[in-house]
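Here is the structure we will look at, set down as structure tokens.
Derivation of every value follows stated rules applied to the coordinates shown; laboratory data play no part. All values reported here derive from a predicted model rather than from experimental measurement. For neighbour counting, all protein chains shown are included, and Cβ atoms are generated from backbone atoms with ideal geometry for every residue, glycine included.
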Amino acid sequence: MAGSPRQVIWDVYIMTTSVQTPFAATTSSMFAPVTPSQLSAEEVDKKEQELLELESRVCSQGDTVHYAERPKFFTHCSGSYLYDGHENQYLDLQMWYSAVNLGYANQRINNALKSQIDRLPQLACQYLHPEKVELASMIVDSVQNGFNQTGRVHFNVGGAQAVEDALKLVRKHTGKSRMFAFQGGYHGRTLGASAITSSYRYREAYGEFGDRAEFVPFPYCFRCPLGKKPDSCEMACLNEFEAKFEHEYTGAWNPKTGKSEFGAFFVESIQGTGGYIIPPKGYFEKLAKICRERGILLVDDEIQMGFFRTGKLWSMEHFNTKPDIIVFGKALTNGLNPLSGIWAKEELISPDKFGPGSTHSTFSSNSLGTATGLEVMKVFAEGDYETTVMEKGAYFLNLLQDLKKKHKEVGDVDGLGLALRMEMCQADSFTPNRALADAMFQRGLEADLVVNGKKMGLVLDIGGYYKNVVTLAPSLEITYEEMDLAHDLLDLLITECKKG
Ligand SMILES: Cc1ncc(COP(=O)(O)O)c(C=O)c1O
């Protein structure tokens, strides 16, 4: 392979970005400095074109890269910013779907990974290493603090794999393979996770899903699935759910045995991919009660909203509701070596219930992941993220409200901590406007938005039922100046894109 054309493209593209001249005024000491490329603009374009052609031949397009017409290359990152080969700077307001809560190239987290590489970079998961036990202990303590519940942790690698483990645990405990989940919920794309993810799009080409969940409407009050108004609905959606257990003919309940056909309800407290929808106060308390009274477990998927995204370590802490199982992933390692897992109540996961070999994956408690996760948890324990995230979130939401006042096309804004939403609509402020959201996404990546005399790009993520919601998950370390910049960039982007 050495010396082959592929090797040459790669070497030239990467090696020339490694000079040691940090950009000025783009990073704080918390984040690693970025190093600019030595290539000319023409050389960068040429290399990218060659790589794109190679990619089109050698990479599967089954992932999400080719949702974009022309996939984008980035070469550096630091703090809240990504950089491309032309040294264009992009403010990132989605941070890898909330996998990088502590900012890109966070020195402290990177150093934890580096020091683990020098100490114990790899170890078969059948043996123990200190960081695994210490990390599990910090997670167990966090659930004890947040929910006053005792339990244990089981690690895995990706979010969907942890969801699979949660499904196994539910099946083992209840003997049931049918689950409830929300319309608009997202739990991953393995077969088991797809079965509890509402989008048929992800299942369509893959045969029968006999264990497909029953999908219940989420309280999406801006577009109430029952056409009600929040101030007068009296949570009609929950009453509808409860009615499933009124008699045997709903297909969910046997009044004679007092048993449900369903083992668990998989929930996201705030829908992530579904468009950062925040449920009304009291909703989850009542839902949990309905489930508890019928022996249906509550599985809280914190993969996107966990690790202080919403101002609490576990987003469900906002809703005064105790989960039976918590699933986590993404930001646990700040986007470095992947690690995910489940926490479950002792009565579900005690060794006599979930014994050795119940589930396993080669990389499940990989030492680079556990060391990184441990450092992330220490950062959270030492900081006051409950306060700072709520304060920054309130500031950011205020800026979004200003955009809503200025642009009729912003139909709804909302947020909890730094999980924020901006719903793009037609001029009636309600009819979903996917074209506008798409245009904003694309235009942001062109890096030609001029604010304060500087050309910049903006990295956004679009989600929601109608793919018209800008879902904002900025770094928890975002500064107030960067939030002001975000406001100005979004303002400009909306102004430009609505011109058509
Ligand atoms: C709430 C939620 N659950 C599960 C997943 C799946 O995680 P992964 O992509 O790591 O498999 C995601 C990913 O976006 C998610 O947001």
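Principal-axis analysis of the Cα atoms of the chain puts helix 283-293 at an angle of about 40° to the longest axis. Here is how the number arises for the chain: DSSP H runs of 4 or more residues each give -39500 (n - 2.57), the sum is divided by the residue count, and the result at 222 nm is -11000 deg cm²/dmol. Here Lys256 is the anchor, and the lysines within straight C-alpha reach of less than 21 Å, apart from those fewer than 8 places off in the same chain, are Lys176, Lys244, Lys289. The ranking of Arg421, Arg294 by Cβ neighbour count inside 10 Å, starting from the fewest, reads Arg294, Arg421.
Each Cα pair under 8 Å and six or more residues apart adds its separation to the average, and for the range 120-382 the resulting relative contact order is 28 percent.
Once every Cα of the chain carries one equal point scatterer and solvent is ignored, give the base-10 log of I(q)/I(0) from the Debye formula at q = 0.07, 0.08, 0.09, 0.12 Å⁻¹, two decimals. Relative scattering, expressed as log10 I(q)/I(0), comes to -0.39, -0.52, -0.66, -1.18. Karplus-based coupling profile of the range 219-226, in residue order and whole Hz: x, 8, 5, 5, 10, 3, x, 9, with θ = phi - 60° in 6.51 cos²θ - 1.76 cosθ + 1.60 and x standing for Gly or Pro.
Which of the peptides 322-333, 157-168, 278-289 is most tightly packed, and how do the rest follow, going by the mean number of other Cβ atoms within 10 Å of each residue? Please list the in-between numbers first.
Working: 322-333: 27.0, 157-168: 24.8, 278-289: 17.7.
By packing density, highest mean first, the sequence is 322-333, 157-168, 278-289.
Going by how many other Cβ atoms sit within 10 Å of their own, how do Ser365, Ser78, Ser199 line up, fewest first? Before the final figure, lay out each step's value.
Numbers: Ser365 27, Ser78 24, Ser199 17.
Placing the least packed residue first, the sequence is Ser199, Ser78, Ser365.
Mind checking the dipole of the chain: about its Cα centre, +1 per Lys or Arg Cβ, -1 per Asp or Glu Cβ, Debye to the nearest 20?
1100
Measuring against 19 Å, Cα to Cα, the residue pairs Lys312/Lys404; Lys281/Lys322; Lys72/Lys498; Lys228/Lys408 contain Lys312/Lys404; Lys72/Lys498; Lys228/Lys408 as the ones spanning a longer distance.
May I ask you to compute the full-extension gain from Phe74 to Lys408, defined as 0.36 nm times their residue separation minus their alpha-carbon distance, rounded to one decimal in nm? Could you put the intermediate results ahead of the total?
Working: separation 334, 0.36 × 334 = 120.24 nm, distance 3.33 nm.
Separation in residues times 0.36 nm, less the Cα-Cα distance, equals 116.9 nm.
Can you give me the angle between helix 41-58 and the longest principal axis of the chain, using Cα atoms only, in degrees from 0 to 90, rounded to the nearest 10? Tilt relative to the chain: about 40 degrees.
Any idea what the dipole of the range 120-382 comes to, in debye rounded to 20, about its Cα centre with Lys/Arg Cβ at +1 and Asp/Glu Cβ at -1?
On the way: 29 positive and 29 negative charges, 72 e Å.
About 340 debye.
In degrees, nearest 10, range 0 to 90: what is the angle between the Cα axis of helix 107-119 and the longest Cα principal axis of the chain? On a 0 to 90 degree scale, this one is about 80.
For the chain, what's the relative contact order in percent, using C-alpha pairs closer than 8 Å and at least 6 residues apart?
On the way: 941 pairs, mean separation 92.6, N = 500.
With pairs under 8 Å counted, the relative contact order is 19 percent.
Between Glu87 and Thr257, the simple spin-label model (points 7 angstrom out along Cα→Cβ) gives 7.0 nm. Taking other C-beta atoms within 10 Å as the exposure proxy, Met483, Met138, Met30, Met440 rank Met30, Met138, Met483, Met440 from fewest upward.
Of the cross-linked pairs Lys330/Lys454; Lys392/Lys454; Lys172/Lys286, those separated by over 28 Å at the C-alpha level are Lys330/Lys454.
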